[in-house]
Every structure is written in C-alpha cells, then in structure tokens.
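Structure first, commentary second.
None of the figures in this text is laboratory data; all of them are computed from the coordinates on show. The shown structure was predicted, so the numbers you read here are calculated from the model rather than taken from an experiment. Positions of Cβ are generated from backbone atoms using ideal geometry, with glycine treated the same way; all protein chains shown enter the neighbour counts.
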Amino acid sequence: MASKFDLVVLNGKVVTASDICDYCIGIKDGKIQTLAESFSEDEIAGAEVIDAEGAYVMPGGIDAHVHLCQDLKTGPHGLGGECADNFETGSRSAVAGGTTTIITFATQTRGEEDRSLIKVVESYNARAEETGSYVDYGFHIIIVRNDADVLETELPILKKDWGISSCKLFLTYETQRLTDSQLLDVMWAARKNSITTMIHAENGDMIAWLTQKLEEKGMNAPYYHALSRPPLVEGEATNRAIALAQLIQNPILFVHVGSALGAANVRRAQNMGLPVYAETCPQYFHLTWNDLKRFHSPTCFENSKMICSPPPPPDASDQEDLFVGLHNGTFTIYSSDHCPFRYNDPHGKASGVLEHAKSMEGESPHACDDLHDLLTRKEGSFKLIPNGIPGVETRLPLLYSGALSTGRISPQRFVELTSTNPAKLYGLYPKKGTLMPGSDADLVIWHPEKTFEPFHLTNAQLHHNVDYTPYEGFKMLNWPRYTILRGKVMWANGKILGKVRDGQYVKRGPSQLSQGLPGADRDPRRVAAWLYE
Ligand SMILES: NC(=O)NCCC(=O)O
Ligand SMILES: [Zn+2]
C-alpha cells in the first residue's frame, strides 16, 4: 500500500505569519497535506521522517532581490561589474541559507538588441536553464527605456506567458535611469497590466554632483562612497517616486531602502492609504558608515567590500529607526540584494583600483600578477567600484541572529518579512509563503536553540562563488538545519543533498497585497480622476 506521506516533520514549532503551534507536518507529492498535533505510527509508515526537536519550522525563505548572471552597469558611464554567481552557485548558496525561491532580474540594456523585453527574458531564462537551479526561481524585468510599442505589446505577453508581474525601474545610474516622464510612461503601462513597479530610489544627479565635489577634494577612497550618497539622496527620490506613483495609481515597492528618511517617506505614504511598499536588506541593519571606515586609508581597498547603493546608514541611531520600520510594518519584505562581485577580481571590486590607475596613468597597471598586492598598494576610486554585496545565504541567519533572537521581531513577523509578504507582493501566494495544506512543501527548519553552538562566520563556510562576505567574523546564533523544496530535502546538517536541476521556474500572478486599498476610481485626493476613466 502506498504510504500516506512521503515526508513528515515531527515535533516542530511551526510558524506562519500569524501563528505558532506545536505541530507535525505531513507532506505528499511535494505539497503540504496535513498539519496535526501528532501522527500515529501507521500514518507515518513508509515516510521519510525529520525530527525538528522543538525547533522553528517556517515556510522556506523567498528572496525577491537576487542578482545572478547579470552584467551590472552600476558605475559611471555604464561601467559595470560581472556577477560571479550563476544560477548554480547562487541558488546553491540560497538553499544553504534556508531560501527555497529566488526572484532574479532580467535586465534590458539601451542597446537596440535589447529593445524587446521578451528577448531579454528569454536570454536570462537560457542562462538559468544552462546550469539549472537548486531553488525555484522567477524574474523581475528591469526596464530602461520607454518604447511605447514594446510596452504596449510585450508587457501583456510577459504577464501571461512568463508570469512576470513586476518590473524594476531606476532613478540613478546613467545607463539605466529614466526621467520622470519616462517613469510615468512605464508606470502607466505597468498599471494597465497589473504589474507592480519596483523602484531603485536614489537621485542620480545628486550622486553625480557630490561625487564630483568629493573627487575635486581628492576624496576617492571607498569610505567616500557613503558620503556621495547621504540619506537625502534616497529621501528625495522616494518622495518623488511616491508622487509619480500617486499620479499613476499603481502599487510601488521601493527596493533596498537603507535610510531612516526613506523609511519615513514610505510610512507617510502608507498612512495616506497609498499602495506603497518597501524592501529592506541585512546590510542596513548590520553595517554602518563606520564599517566603510574600518580599514580607512588612501591605499587600503578592503572597505570596498562594504560598498552598495544605497550605502549602509550613517550610524546606530539610523539603524534604530530602521528597526522600528522592520517591526511596525513599514517594511513589507526583507531581501538580500545579493550582488555577487568578487573582491580580488578585475571585473569585481578591484576594478575600482585598476580603472582608477588607468584613468590616472593612461594604461592599466599590469593586471594582475598579484592583484591582491595591488589592492593594498594602489589608491582606488569609489566611483569605479561596482555597487553591491553578496548575501543570499546569510539573509535569514542574520535576521535570526540580529532581530529574532534579540526579541526585536516575533517569529511570525520574521516569516512575514522573509516569505509570506514576498509571496503576496509578487503573486506567489498561497502556493509559496505559507504552510497551508495544498501549499508547496517549501520549508526551513532551524536548529533547536538549546543545542546550537553559536559560531563566527567565515566566507569559507558559504556556498556562493564570491571571495568574501561583508559579514566575516559575525556571530551567528542559528543556521538553517534543513531546507526542503517541494518536499525534497535539499540541505541537511551542513550538506547540500539536492540536485541543481531540482529548482523550477515559477510563473507569478498579480500582487495580492494592494487589494482592498482605496481604488483609483474614487481618487479621493483628486489627483487626476479623468485619467483613470
Ligand atoms: N544595490 C547595489 O548596490 N547593487 C545592486 C544593483 C542595484 O543597485 O540595484
Ligand atoms: Zn537597485
């Protein structure tokens, strides 16, 4: 007789976004079938058994901000860095850190060959299919131009055929940013297709102007990257984008919000009843400007390992404000913004030294007999360092150690931020993001706190293809013990057990978060009622 379950998880403290209960979970055909206080011997006969030993059992992490296989043009004039992680290594790192679904980016460029968004998505999907993935994955589409015909004809196809219900737009980076009028065009087209607009909100002109002033004073070291992007840069851009979204009446999500000012603007918009959401990331809770100064010297480049945009907040008092937002719902989701540039690599952080030397001396220093030597000897320039830091694997353990263990957030809020809300925001719920009968059996099971030995993180323990972690030496108070993808144990007790072809592409529906908010038809603030008719 066929067994009732394929896999059972016994003795778990099962956490959803709303509840915690001592439950056992029965899994069949990749789906959660039953939650019960106990199972009889007969019921579990023939099933694989995991004893959670009283530890938290949560829905698998959904990381909705992961850069893989992408050439990221985050420097001036489109200078970019190369992603060191492909779908194999990036998803391996995800699964080892308790994440079962990632949403990555398919990125349009301004080249004519990238006019078609569908072709862009096909090209990125081919990169995923080439290696396979250890976790389920989807795409956001990054749109950097406002071709009316493409938006009109292709967004519906992306939505219907690919299940892509979110696009990311930039207010900074020369080769990606859109003007306000272009933003309105794309947001309008997105609204017609129930596509959520994600916004990278930094004022590109402020950054360029401040960068020039810093350069004139010879302030080039990595630390000055933060000074080129004070919180006002995000403050201005969030305010502006909120006004644009209010005009268009379409939900927006601010990606990687890192300042108290940005969070306050989001909160104000939410209090007005606008469908404005915000993502934040570990770097804004675990790093400050001080970390960018840790090794501060004109010829020490180590601090480039902490460079991301927006930068970490100035100090601990800003972080306190961000913690309030994490707690009170201002932040909707918590993602990694995993951006896998290597340090000791001419196409990674080291390009800040090599390109600077080239611009000063007219030629590249002899790359790279000993790049490491060069990195400790030569001055670099912050403006030439690719923006972004790795973190897909450390996302959940850092939130556990920094916020859950310390009582700053509840286990339910942990689940809401890391799984349930990303699923709802990006149209994956309740297939993903919860532990209801019928949901995909995507689980992360932690170690029982009583028996877990805290440890100090080293990059060698991680599974990405990056040669550093910004969290080297951080004390970890727990780590995922099991990661289960659609009923298959992918990661257990420090070992990858799954296969790189186990992950599947996931099609997504419209956002499920903005239902019930005041509709555009009522236009209570008289923005432009005639527009929505
Ligand atoms: N956030 C960051 O510094 N890098 C990733 C690319 C982006 O800016 O969105
Ligand atoms: Zn961004």
With only Lys, Arg, Asp and Glu charged, each at its Cβ (+1 for the first two, -1 for the last two), find how big the charge dipole of region 1-532 is about the Cα centre; round to the nearest 20 debye.
-> 1020 debye
Ordered by residue, what ³J(HN,Hα) values in Hz, to whole numbers, does region 190-196 give under the Karplus form 6.51 cos²θ - 1.76 cosθ + 1.60, where θ = phi - 60° and Gly and Pro are x?
-> 5, 4, 4, 10, 6, 9, 6
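How much net charge surrounds residue 20 when only other residues with a Cβ under 12 Å from its Cβ are counted (Lys, Arg +1; Asp, Glu -1)?
Surrounding charge for residue 20 is 0.
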Okay, which of region 429-447 sit inside 16 Å, backbone N to the point 7 Å along the Cα-Cβ direction of residue 11?
-> 445-447
Phi angles of region 452-457, converted by Karplus (6.51 cos²θ - 1.76 cosθ + 1.60, θ = phi - 60°) into ³J(HN,Hα) in whole Hz with x for Gly and Pro, give 7, 8, x, 9, 9, 5
Long-range amide H contacts for residue 137: which residues qualify at under 5 Å (H placed 1.01 Å from N, peptide plane, sequence gap of 5 or more or a different chain)?
-> 102, 504, 505, 506
Packing-ranked peptide list from 69-78, 436-445, highest mean Cβ count within 10 angstrom first, is 436-445, 69-78
When the charge dipole of the chain is computed with +1 on Lys and Arg Cβ and -1 on Asp and Glu Cβ about the Cα centre, the Cα farthest towards its positive end, among 131, 94, 188, belongs to 188
List the residues whose amide H sits under 5 Å from the amide H of residue 72, counting only those 5 or more places along or on another chain, with H placed 1.01 Å from N in the peptide plane.
-> 81, 83
Convex hull volume of the chain per residue (C-alpha atoms, cubic angstrom) = 146 Å³
Compare the peptides 388-397, 490-499, 40-49, 460-469 by average per-residue count of other Cβ atoms within 10 angstrom and give them in order, highest first.
-> 388-397, 460-469, 490-499, 40-49
Between residue 410 and residue 160, take the C-beta separation as r, use R0 = 56 Å, and let me know the FRET efficiency to the nearest 0.05.
-> 0.90
What order do you get for 239-246, 412-419, 252-259 when each peptide is scored by the mean count of other beta carbon atoms within 10 Å, highest first?
-> 252-259, 412-419, 239-246
Between residue 36 and residue 271, how many nm apart are label points set 7 Å from Cα along the C-beta direction?
-> 5.0 nm
Could you list, in their original order, any pairs among 217/358; 31/168; 293/358; 119/358 whose Cα atoms are separated by more than 29 Å?
-> 31/168; 119/358
Diffing region 340-355: the Karplus 3J(HN,Hα) column from phi (6.51, -1.76, 1.60, θ = phi - 60°), in whole Hz with x for Gly and Pro, holds x, 8, 6, 7, 8, 8, x, 9, x, 4, 4, 4, x, 8, 5, 5
Summing +1 per Lys or Arg and -1 per Asp or Glu among the other residues with Cβ less than 12 Å from residue 289's Cβ gives 0
